[in-house]
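Just below is one structure, and these are the notes that go with it.
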Amino acid sequence: MKAGVLGVVDGTFKVVDSFAETVTEDGHELERCLTIDRVFSLPSGEMAFEGRAAADAIANETATTIENGEIHVDERERTVTRYAEFVGIPGEFVVVDSGDGAFAFDFIGSETNSSIGRATVDLDEFVAAREGATPWKAGFYGPAETDVNGVFHGADLRDEMGDVLEDSALNQVGLSYEHDGDDVKMTATRSGYVELYRPSSFESADFLEYIRDEILPSLE
């Protein structure tokens, strides 16, 4: 995994165990499952984990039928199953593959007697700490709802960034820069989504160490 939404652990744990359970909500029996597929070592020698989560939920849908020449529109309930993939470092943080998979934070937190909350990244601080980086994307917003906001894309936005940030703050950014000898191209949002495009050779272990080294110091 090289992209996902970051959740920070409040608590301590060393192991995450798989589980499967059935819960009853509003008269419906719903299945929930957390599966740890792999426990592996980081380049630094510490342990990490990778797995999947799935959870049933009841959704309302509109069903349209034609009967005896008349159109009928009804609301019906059906069971849908949410799915998420995740990687993490025990007692530190977890990354799920999308915002829709954030329910896995609750599953892991419940199983480990901890709490996992979606991270908020201070992108202004993150960019300021990397003076030599080349910004290729910048999303910004003003201090009030009526202020101008938007997203820039380009090969090199260093000139535009200075003007934008005088009266605005970043809510997403893409940077190219060198990190530990690697040519990194990445993007991150204030709401905790991080994605690495380069190096293409990076695996989950490399991604976790990148998050720890580069993103965690800039959390709000």
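The values are calculated or read from the model by the stated rules, or taken from the named source; none is laboratory data. This one's a predicted model, so the numbers in the text were calculated from it and none came from an experiment. Here Cβ is always computed from backbone atoms with ideal geometry, including for glycine, and neighbour counts include all displayed protein chains. The area values use the complete protein model at the heavy-atom level, side chains included, leaving out ligands, DNA and RNA. Shrake-Rupley method; radii C 1.70, N 1.55, O 1.52, S 1.80 Å.
Before moving on, here are some points about what is shown:
To keep it simple, each residue is scored yes or no on (1) under 22 Å from residue 206 (Cα atoms); (2) modelled with pLDDT of 95 or more.
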residue	(1), (2)
68	no, no
76	no, no
79	no, no
85	yes, yes
93	yes, yes
99	yes, no
116	yes, yes
121	yes, yes
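- Enumeration of residues in segment 47-100 that are under 20 Å from the mean Cα position of the chain (by Cα), open to solvent by 80 Å² or more (accessible area, probe 1.4 Å) and more than 21 Å from residue 209 (Cα to Cα): 81, 82, 83, 100
- Segment 11-36 residues that are more than 19 Å from residue 92 (Cα to Cα), paired with ones that are open to solvent by 80 Å² or more (accessible area, probe 1.4 Å) and among the acidic types (Asp, Glu) (beta carbon under 6 Å, 6 or more apart): 22/29; 22/31
- Some residue of segment 119-133 being over 16 Å from residue 186 (Cβ atoms) and within 15 Å of the chain's Cα centre (by Cα): yes
- No other residue among 198, 190 is within 15 Å of the chain's Cα centre (by Cα) and open to solvent by 60 Å² or more (accessible area, probe 1.4 Å) apart from 190.
- Applying a threshold of 8 Å to beta carbon distances and a minimum spacing of six or more residues, or different chains, the list of pairs starting in segment 130-141 at a residue that is modelled with pLDDT of 90 or more and ending at one that is charged (D, E, K, R) and part of a loop (DSSP other than H, G, I, E, B) reads 134/156; 135/156; 136/156.
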